[in-house]
Amino acid sequence: MSWRATVLTLFPGMFPGPLGTSLAGRGMERGLWSLEARDIRAVATDRHRTVDDTPFGGGAGMVLRPDVVDAAVAAAMPEGDARPLVFLTPRGAPLRQELVRELSAGPGVVALCGRYEGVDQRVVEARGMIEVSIGDYVLSGGELAAMVLLDACVRLIPGVMGAAESAEEESFSAGLLEYPHYTRPAEWRGRRVPEVLLSGHHAEVARWRREQSEAVTRERRPDLLSEQRRAAPLHPAASPA
Ligand code: 6GU
């Protein structure tokens, strides 16, 4: 049984999108993973196929109804489907490689894409959804975020990437940004490649790269160096009413 992704969305036509090309696309063609995009509107029961309603308490925008979202989840996940359910929302906890690794090692994922102003929080809690954001900016919907999440997971599935690259995964796993890369020519527009890389001294190259990683991480992402960040809660459990 290969890794299975189901996306619940109001815009199924956006998938597979970029996931159908490149590394992920080849992995899909080779049967290493599969993707099913399901239209949330397909489970709406009224004449107008309504999926949303106005927010209690007032305010702008519309909220996806809990009954509709629950029916979409039920239709997508047969009894015994053990896949975690991830809700893509700017309210979510920031996506980190740790969660990506964990999801990738499991049976797959069901991803719920938010649209409008949000999803009724009761179904999020009742279904034990993991609320995830991909960064501190606002997208018009969860679909692009779902693609980001799936790309990050799929590239870790054994066989999707070459052996060379799979070891390369260590850089972010080690908690540091990567060192800079260079290829030929050794001089380009008057700019020389750092001499140590031309020296053939593997231990010195390794030391230089480690120093570069530490320096760029200190400069751009000092948060990655702090002790505090390393232990954060990952997921909630489905809660009874
Ligand atoms: Cl998961 N959804 C939306 N709509 N915007 C986002 C996001 C998710 N993550 C960052 N911005």
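The values are calculated or read from the model by the stated rules, or taken from the named source; none is laboratory data. The structure presented is a predicted model; accordingly, all values stated were derived computationally and were not measured. So basically every Cβ, Gly included, is an ideal-geometry build from the backbone, and we count neighbours across all protein chains shown. Heavy atoms of the whole protein, side chains included, go into the accessibility calculation; ligands, DNA and RNA do not. Shrake-Rupley method; radii C 1.70, N 1.55, O 1.52, S 1.80 Å.
Restricting to the stretch 75-97, name every residue that is at negative phi and loosely packed, with under 13 Cβ neighbours inside 10 Å.
The answer is PRO78, GLU79, ALA82, PRO94.
Please go through the stretch 98-144 and give me each residue that is among the acidic types (Asp, Glu) and surrounded by fewer than 18 Cβ atoms within 10 Å (Cβ to Cβ), ordered by number.
Those that are among the acidic types (Asp, Glu) and surrounded by fewer than 18 Cβ atoms within 10 Å (Cβ to Cβ): GLU98, GLU102, GLU117, GLU125, ASP136.
List the strands (runs of 3 or more DSSP E) inside the stretch 33-145, counting only whole elements, that have at least 1 residues being within 15 Å of the ligand (Cβ to nearest atom) and charged (D, E, K, R).
Once the strands (runs of 3 or more DSSP E) in the stretch 33-145 are filtered for at least 1 residues that are within 15 Å of the ligand (Cβ to nearest atom) and charged (D, E, K, R), what remains is 85-94, 130-133.
Determine whether LEU150 is modelled with pLDDT of 95 or more, touching a strand residue (DSSP E or B) at 6+ places or on another chain (Cβ under 7 Å) and either within 9 Å of the ligand (Cβ to nearest atom) or assigned by TED's automatic domain parsing to the domain that holds LEU23 (or both).
Yes.
If you check every pair at least six apart or on different chains, which have Cβ atoms under 7 Å apart with a residue in the stretch 64-83 that is over 15 Å from THR6 (Cα atoms) first and a residue that is outside any loop (DSSP other than H, G, I, E, B) and open to solvent by 60 Å² or more (accessible area, probe 1.4 Å) second?
Once the first residue is over 15 Å from THR6 (Cα atoms) and sits in the stretch 64-83, its partners that are outside any loop (DSSP other than H, G, I, E, B) and open to solvent by 60 Å² or more (accessible area, probe 1.4 Å) give ARG65/ASP53; PRO66/ARG122.
Taking ALA163 as the residue in question, decide whether it is open to solvent by 80 Å² or more (accessible area, probe 1.4 Å), at pLDDT below 95 and small (Gly, Ala, Ser).
Yes: the conditions hold for ALA163.
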